[in-house]
1. Give the long-range amide H neighbours of GLN13: residues separated by 5 or more places, or on another chain, with amide H under 5 Å away, using H modelled in the peptide plane at 1.01 Å from N.
2. In debye, nearest 20, what is the charge dipole magnitude of the stretch 3-95 about its Cα centre with +1 on Lys and Arg Cβ and -1 on Asp and Glu Cβ, if you could check?
3. Tell me, what HN-Hα J-couplings in whole Hz come from the Karplus equation 6.51 cos²θ - 1.76 cosθ + 1.60 at θ = phi - 60° for each residue of the stretch 25-31, using x for Gly and Pro?
4. Taking θ as phi - 60°, what are the ³J(HN,Hα) couplings along the stretch 32-45 by the Karplus curve (6.51, -1.76, 1.60), each to the nearest whole Hz, with x for Gly and Pro?
5. Give the list, by residue number, of cysteines in the chain with no other Cys Cβ closer than 4.7 Å, or say none.
6. Please list the non-local residues whose amide H lies under 5 Å from the amide H of CYS44, H modeled 1.01 Å from N, same-chain partners needing a gap of 5 or more.
7. Going by average Cβ neighbours within 10 Å, how do the peptides 6-16, 61-71 rank, with the highest at the top?
8. Residue by residue, what Karplus-based ³J(HN,Hα) values in Hz, rounded to whole numbers, does the stretch 90-99 have, using 6.51, -1.76 and 1.60 with θ = phi - 60° and x for Gly and Pro?
Amino acid sequence: MSAVEVTFLPDGQRLRVPAGRRILGVVLAAGRPIGRSCRGAGICLACGVWVEGPLSPVAADEAALIARRSGPTARGPARWRIACLARIEGDVRIGTDYW
Ligand code: FES
């Protein structure tokens, strides 16, 4: 499987990972904090992050969670995605409001 580059915003930390990994695992591998009350079960909404770049399509379970968000789900080119459900498919930039 090909490797992709993940850049964490705003500081620019970079990590190369195999394509297809879920965002949550990559964030944890980078040593960054991330909400995960349901421990990746896809029910709590706590792991939402801003992502620019190619990810897996939004499946029905992720769409249902995103629809529960009270704030915006787009910020310029970035989209708000659920880290325990979305998979990284190419070079991406990831940020949160608390890093
Ligand atoms: S960790 Fe709960 S929805 Fe992702």
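Taken together, the values in this text are just the output of simple stated rules run on the coordinates, not laboratory data. The model shown is predicted, which means the values in this text are computed figures rather than measured ones. Note that we place each Cβ from the backbone using ideal geometry, even for glycine, and neighbour counts take in every protein chain shown.
1. PHE8
2. With Lys and Arg at +1 and Asp and Glu at -1, about 200 debye.
3. Taking θ as phi minus 60°, the curve returns x, 5, 4, 5, 5, 7, x Hz for the stretch 25-31.
4. 9, x, 7, x, 7, 4, 8, 6, x, 7, x, 10, 9, 6
5. Cysteines of the chain left without a disulfide-compatible partner: CYS47, CYS84.
6. So CYS44 has HN proximity to CYS38.
7. Packing proxy ranking, top to bottom: 6-16, 61-71.
8. Per-residue couplings from phi come out as x, 5, 9, 10, 10, x, 9, 8, 10, 8 Hz.
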